[in-house]
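*Asks:* Sharing a structure below in structure tokens format, with a few things to ask.
The values are calculated or read from the model by the stated rules, or taken from the named source; none is laboratory data. For clarity, every value in this text was computed on a predicted model and none was experimentally measured. So basically every Cβ, Gly included, is an ideal-geometry build from the backbone, and we count neighbours across all protein chains shown.
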Amino acid sequence: MDLETPLKLIESREPAKLEKAVALIEGIILSRRREFIKSQDLFATNVAGRLVLQLDTVLASEYPQQTCISYLRLVRGCCLLHRPSRGVFNTNEVLLTIVNKGILHTSSEVQEQALYVLVAALVRQVSAIRRFEELGVLKTVCTQFKNPRTAKSVKLAILQFLFFYLVPETQFPDLERTTKRKSTFDKQQVLGRYLSNVDGLVRELETNQPFGKRSIEW
């Protein structure tokens, strides 16, 4: 499997080459998914690690909208397919970039994709969720949700993110772990600082269980 060519194209930082790299990698995933996932255990061929190095450049510059969207979709796919790849988001710099330059991007389509990436990067990554809270970026997301100028499609994506955030990491808040895990009640208190009617979100989460059974330990 030849990942060498697309990985070199990613490093060029040219929009056209980035688009070509994304297309090549998507083709590999579609035809040789198992082989691709196995290759992601190696630092030299880990796609998410290479892509995240371009995160600031792609989201902060005048890259074509479709290039940004394709790039973010691939990042999301890599995080969902290969759990260890989510670790590349466990830094202050990367989390702040995806929020401040992705979720607050001028394009609503890019904002949506940035939110989907955030979910894919944080799922079952408790330490990254704690870092996310500590950085205060949850407030930024909620402020964007309350902003009347935010597109309805983006507000829906934020709502989906908030449902994800409220999923319990444990049913036992006092359980001793290296990284503190929180229940839905714990998270409800945090979210309540920035939004009203969090009780309604929790009721919706408990009723519809959009992320599956809530008794699973993260």
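*Asks:* Scan (1) touching a Pro at 6+ places or on another chain (Cβ under 9 Å); (2) buried (at least 16 other Cβ atoms within 10 Å of the Cβ); (3) not polar (S, T, N, Q) for the single condition V141 breaks and write down its number.
*Replies:* It fails just one condition, (1).
*Asks:* Would you please name the residue that is modelled with the highest pLDDT, looking only at residues in the range 82-97 that are in a helix (DSSP H, G or I), over 13 Å from the mean Cα position of the chain (by Cα) and of a type outside the set (D, E, K, R)?
*Replies:* In this case the residue turns out to be P84.
*Asks:* Another question, if that's okay. Scan the range 9-47 for residues that are within 23 Å of C68 (Cβ to Cβ), in a helix (DSSP H, G or I) and charged (D, E, K, R) and jot them down.
*Replies:* Answer for the range 9-47, where residues must be within 23 Å of C68 (Cβ to Cβ), in a helix (DSSP H, G or I) and charged (D, E, K, R): E11, K17, E19, K20, E26.
*Asks:* In this structure, does Y71 turn out to be more than 19 Å from the chain's Cα centre (by Cα), surrounded by 19 or more Cβ atoms within 10 Å (Cβ to Cβ), touching a residue at least 24 places away in the same chain (Cβ under 8 Å) and more than 25 Å from E134 (Cβ to Cβ)?
*Replies:* When the stated conditions are applied, Y71 does not pass them.
*Asks:* For residues that are touching a Leu at 6+ places or on another chain (Cβ under 8 Å) and closer than 10 Å to L3 by Cβ, scanning just the range 32-49, find the one that is surrounded by the most Cβ atoms within 10 Å (Cβ to Cβ).
*Replies:* V47
*Asks:* For K139, indicate whether it is free of Cβ contacts under 8 Å to residues at least 60 places away in the same chain, more than 21 Å from R76 (Cα to Cα) and part of a helix (DSSP H, G or I).
*Replies:* Against the criterion (free of Cβ contacts under 8 Å to residues at least 60 places away in the same chain, more than 21 Å from R76 (Cα to Cα) and part of a helix (DSSP H, G or I)), K139 qualifies.
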